[in-house]
Structure formats: structure tokens, C-alpha cells
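Heads up: the structure comes next, in C-alpha cells.
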Amino acid sequence: MKRAIYPGSFDPVTNGHLDVVERARKLFDEVIVAVAHNDEKQPLFSLKERLNLLQQTVGKIDNVRIAQFDGLLVEFAVQQKANAVIRGLRAVSDFEFEFQMALMNRKLEGNVETIFLMPKEEYTYLSSRLVKEIARLGGDVSKFVPSPVASALGKKFKG
Ligand code: ADP
């Protein structure tokens with residue numbers, strides 16, 4: 001059984017994340033989309049809300065499972081019997097931090113490989129941060145996120 005973890009904040013999940021999930025699930029028997037608690041990042045959506053939105057969007061896909069994790073990613077990977085971590089690479093600007101993290105994770109746990117997947121070009125400019133900014137300013141985000149996420153953003157910023 002080849003299992004991979006796709007970790008992130010998913011605050012909220014975007015079409016870019018979905019693209020990465022679709023690619024990853026073709027390469028692995030099971031992909032665990034793992035939501036980090038990330039208290040220090042002050043997320044817009046609570047952990048429960050982020051898990052809920054993922055459940056509504058990728059939750060029904062055959063070989064995809066949703067989980068949450070706290071603490072070290074590599075420890076979670078070992079505990080889940082996963083030998084790969086999936087990360088998305090959008091642009092060179094993602095690279096430096098991702099490279100550092102991948103090498104550190106390898107130092108911590110040599111049996112877990114980090115695999116980078118590139119999304120469709122049209123998603124390379126897409127980030128949860130920008131989507132939140134657009135929604136906050138009243139813009140239309142329906143092209144960038146699944147519809148349950150667009151409604152959730154609408155509710156957050158209403159009034
Ligand atoms: P984190 O806090 O871990 O950066 P994110 O939810 O922002 O969490 O991202 C999770 C992963 O998804 C990261 O590897 C990020 O590079 C990737 N990702 C985010 N947006 C996109 C996108 N539009 N296309 C491809 N990968 C993406």
C-alpha cells in the first residue's frame with residue numbers, strides 16, 4: 001500500500017489544492033489530506049471549518065482521506081504508515097522554503113520522501129491568502145475555489 005500525506009493549512013481549500021490532490025491520488029493508493037492545527041498562523045477558518053470544507057470537496061473521492069495533525073509532520077507520516085509527503089510548487093518563490101523544509105524532514109526521518117507536484121499553469125498564481133484578500137474586499141472568488149468555500153467566504157465577510 002503506497003500512502004502519501006498532503007499537509008497544509010487549507011485556510012481555505014482552493015482549486016489549486018484540488019489539482020494537487022487529483023495528481024497525487026493517481027500516483028498513490030491512498031492520499032491523506034492532513035490539516036495542520038497551525039495556531040500561530042491565525043487562520044480565518046477554524047480547524048473544524050477547514051476540515052468541513054475539505055470533507056465537502058475532496059471527502060468523497062475514492063482514495064482520499066481527510067485528517068488533522070498536531071506536532072511533527074514526519075511523526076504523523078510514520079504513524080500513518082505513509083512514506084511520502086506531497087507539496088505543491090507554484091513558483092520559484094515557493095522553492096526556497098519548501099526545499100529547506102524537505103531537507104529538514106529528511107534529516108528527522110529518512111524514510112519519508114517529499115514529492116513536489118506542479119499544478120495546472122492557471123493555478124500557479126492561486127493561494128489561500130489571495131483568495132481571502134479578494135473575498136474580504138468583496139470580489140468574486142467563485143473561479144478560484146469550490147462552491148462550498150465561496151459560500152463560506154461570503155458568510156465570513158458579510159456585513
Ligand atoms: P501551508 O501553510 O502548509 O503552506 P497551504 O494550505 O497554503 O498550507 O498549502 C499546502 C500545500 O499546497 C503547499 O505545498 C502549497 O505549496 C500547496 N499549494 C497551495 N496553493 C497551491 C496552488 N494554487 N497550486 C499548487 N499547490 C498549491
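Counting only trypsin sites (Lys or Arg not before Pro) that are in a DSSP loop and have at most 15 other C-beta atoms within 10 Å, tell me the longest site-free stretch of the chain. Kindly include the intermediate steps, with their values, before the conclusion.
Values: sites that count: Lys2, Lys60, Lys81, Lys120, Lys143, Lys158.
Of all site-free stretches, the longest is 3-59.
Given in Å, the Rg to one decimal and the Dmax to the nearest whole number for the Cα atoms of region 2-133 are 13.8, 38. When the Gaussian network model of the chain links Cα atoms closer than 10 Å, the mean-square fluctuations of Ala82, Ala24, Ala91 top out at Ala91.
Using 0.36 nm per residue, how much length does the chain from Met118 to Leu89 gain when fully extended, once their Cα-Cα distance is taken away?
Details: separation 29, 0.36 × 29 = 10.44 nm, distance 0.53 nm.
That pair, Met118 and Leu89, stretches by 9.9 nm at full extension.
Is the C-alpha gyration tensor of region 49-103 telling us rounded, prolate or oblate? Criteria: a/c under 1.5 is rounded; beyond that, a/b larger than b/c is prolate, otherwise oblate. In terms of gyration-tensor shape, oblate.
Sorting the Cα pairs of region 76-133 by distance into bins of 5 Å, from 0 upward, gives 4, 16, 23, 20, 16, 13, 7, 1 percent per bin.
The C-alpha atoms of the chain define a longest principal axis, and helix 47-57 lies at about 90 degrees to it. When the chain is treated as a GNM with alpha-carbon contacts under 10 Å, the residue of Thr124, Thr57, Thr114 showing the greatest mean-square fluctuation is Thr124.
Mind ranking Leu72, Leu126 by accessible surface for me, highest first, 1.4 Å probe? Please list the in-between numbers first.
On the way: Leu72 85, Leu126 10 Å².
Sorted by accessible area, descending: Leu72, Leu126.
In the chain, the longest principal axis of the Cα atoms and the axis of helix 147-157 are about 60 degrees apart.
The values are calculated or read from the model by the stated rules, or taken from the named source; none is laboratory data. Values in this document were obtained by computation on a predicted structure and should not be read as measured data. Neighbour counts are summed over all protein chains in view; Cβ atoms, including those assigned to glycine, are modelled from backbone coordinates with ideal geometry. Only protein heavy atoms, including side chains, enter the accessible area calculation; ligands, DNA and RNA are left aside. Shrake-Rupley method; radii C 1.70, N 1.55, O 1.52, S 1.80 Å.
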